[in-house]
Amino acid sequence: MKLVNKLAVVTAAASGMGRAGVEKFVAEGATVVAVDINRERLDELAAAGGGKVIPLVADLTDPEACRRFVHEAAGMLGGLDLLWNHAGSTVPGGVEQIDLPSYDRTMMLNVTSGVLACAEAIGHMRKRGGGSILFTASVAGLVGSMGSPIYSAEKFAVVGYAKSLAQRFAADNVRVNVVCPGITDTPMLADFYKDHGGSGGPEAYEAAVRGATPMGRLGRADEIANAACFLLSDEASFVTGIAMPVDGGYTCR
């Protein structure tokens, strides 16, 4: 098993890729604090986790909550080895007449929440002799997105921040990487289509995505979780500062 005795935290853990990640990490031997705003789904996840999943409710649109949950989780676990900053949201696709409150909220979830969490996590990982941090970005953080320039800007920011942290904290034996999913079949997909579908609607957008993906399909949550598990595990012990696309070949064009 890849994560035996590892102490892990996953944000946005109650559904989709985050939930698949929690399930994968537990199967690989970790104990996981699952962080989300949805208490009911967290309790369901914990009940199925065989005592290896600890639920923690936190609203990551609140800066103080972003700082606090790391320390709460480390206290629950008795330390911290792994942090997957997975929390995020879709962003309206337009660039004219930007709604600033909406913009600020997505920036908070997609960028700032992870920045604040890392600021608190580093100290805990140093006490353990090192650790591993993972961010979720997107293929839109590797190539520009005509459909959502703001989303792309936020995800490029995540990739740049992670690469910078990887250099800064390598001497502390803390690795920092990014997983960049392509379009993935999760509960958030409907919101993504609504925000980015354009005049052609969701069906046309999905058809365009499939057409631009050499493998010709959407990703699955477990496929992203598998990549996350590898990047966080000691199997990736010489891997830091990378942004790994998990996208069916979308970015190899």
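The numbers here are math on the coordinates, done by the rules we state, and not lab data. Model, not experiment: these values are computed from the prediction. Reconstructed Cβ throughout: ideal geometry from the backbone, glycine too, with neighbour counts over all protein chains shown.
Below are the figures for this structure:
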{"read-out": "Pairs with Cβ under 7 Å, 6+ apart, first in segment 105-134 and touching a residue at least 40 places away in the same chain (Cβ under 8 Å) and farther than 17 Å from Ala170 by Cβ, second of a type in the set (Phe, Trp, Tyr) and crowded, with 17+ Cβ neighbours inside 10 Å", "value": "Gly114/Phe135; Val115/Tyr161"}
{"read-out": "Residue that is within 26 Å of Met108 (Cα to Cα) and not in a strand (DSSP E or B), where the choices are Gly241, Gly211, Gly216", "value": "Gly241"}
{"read-out": "Matching helices (runs of 4 or more DSSP H) fully within segment 1-119 where at least 1 residues are closer than 28 Å to Ala243 by Cβ, among the small types (Gly, Ala, Ser) and more than 16 Å from the chain's Cα centre (by Cα)", "value": "16-27, 63-77, 100-107"}
{"read-out": "Residues of segment 80-104 satisfying the condition of being in contact (Cβ under 8 Å) with a residue 12 or more places away in the chain and of a type outside the set (A, V, I, L, M)", "value": "Asp81, Trp84, Asn85, His86, Gly88, Ser89, Thr90, Pro92, Gly93, Tyr103"}
{"read-out": "Subset tally (residues that are buried (at least 22 other Cβ atoms within 10 Å of the Cβ) and without any contact (Cβ under 8 Å) to a residue 60 or more places away in the chain) for segment 228-247", "value": "0"}
{"read-out": "Qualifying residue in segment 119-128 (condition: touching a Lys or Arg at 6+ places or on another chain (Cβ under 8 Å) and not polar (S, T, N, Q))", "value": "yes"}
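For (1) among the hydrophobic types (A, V, I, L, M, F, W, C); (2) crowded, with 17+ Cβ neighbours inside 10 Å; (3) touching a Ser or Thr at 6+ places or on another chain (Cβ under 6 Å), each residue gets a yes or a no:
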| position | (1), (2), (3) |
| --- | --- |
| Val22 | yes, yes, no |
| Ala73 | yes, yes, no |
| Asp81 | no, yes, no |
| Leu100 | yes, no, no |
